[in-house]
Amino acid sequence: MSYELQAVIAAEETLRAATRGMSAARLAPIGQGLSLMPMTDALFETRTDGTGEGELGFQRLPKGFEKTLADWSADGPVAYVEAEYFGGVGEQRAAVWDGGTIAMAPLHVDEGEPFPPAGSPISQALRRLGVAASGGEDEFSAVRLDRHRHSGAWIS
């Protein structure tokens, strides 16, 4: 089975205010006051300048969109996350912007690498957004990011 996620995650009110007027943006609440905006094909196409991959190493972060995320983070922390797995093997990337600057440089765990003691890149980003995990679960599980196997399913 496969799993993929490419999304912006932030406080629900932060994302609602930031995406006003962005017709391709769709939000889904994920719990603990956060919402997720999947980087759908339609959203990617409206945000990309066509020059390819940005400097941060993400696969689906439109080049130049990191400036937008920095701007949005003036109202609170904003994360961009990516995960891709097939048959239990895959990779994760995550970064967090806060106060207009990058607050958590892009973290990347490649295929076959173990997660660091601090947790997966996505769990570390969620922790920076204030997600509280309990009972032996990590932040990824606490907001149930495993509910859907593909980014688009969050808004369908």
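Where a number appears in this text, it was derived from the coordinates with a stated rule and is not lab data. Just so it is clear, the structure is predicted and the values come from calculations on it, not from any experiment. Cβ coordinates were reconstructed from backbone atoms using ideal geometry, including for glycine residues, and neighbour counts include every protein chain displayed.
Loop-resident trypsin sites (Lys or Arg not before Pro) (DSSP state other than H, G, I, E or B) in segment 40-120 with no more than 13 further Cβ atoms inside 10 Å of their Cβ are absent.
Evaluating kT/(6 pi eta Rh) at 10 °C and 1.306 mPa s, with the Kirkwood radius of segment 2-154 over Cα pairs in the Stokes-Einstein relation, gives 103 µm² s⁻¹. Taking Cβ atoms as reference points and 13 Å as the exclusive limit, the residues near ASP146 contribute a net charge of -1, counting Lys and Arg as +1 and Asp and Glu as -1. Summary: within the chain, the longest segment free of GluC sites (Glu not before Pro) located in DSSP loops with at most 12 other C-beta atoms within 10 Å is 56-110.
Simple spin-label estimate for ILE155 and ALA74 gives 2.4 nm between the two label positions (7 Å along the Cα-to-Cβ direction from each Cα).
The distance between label points at GLU113 and THR46 comes to 3.4 nm (points 7 Å beyond Cα on the Cα→Cβ vector).
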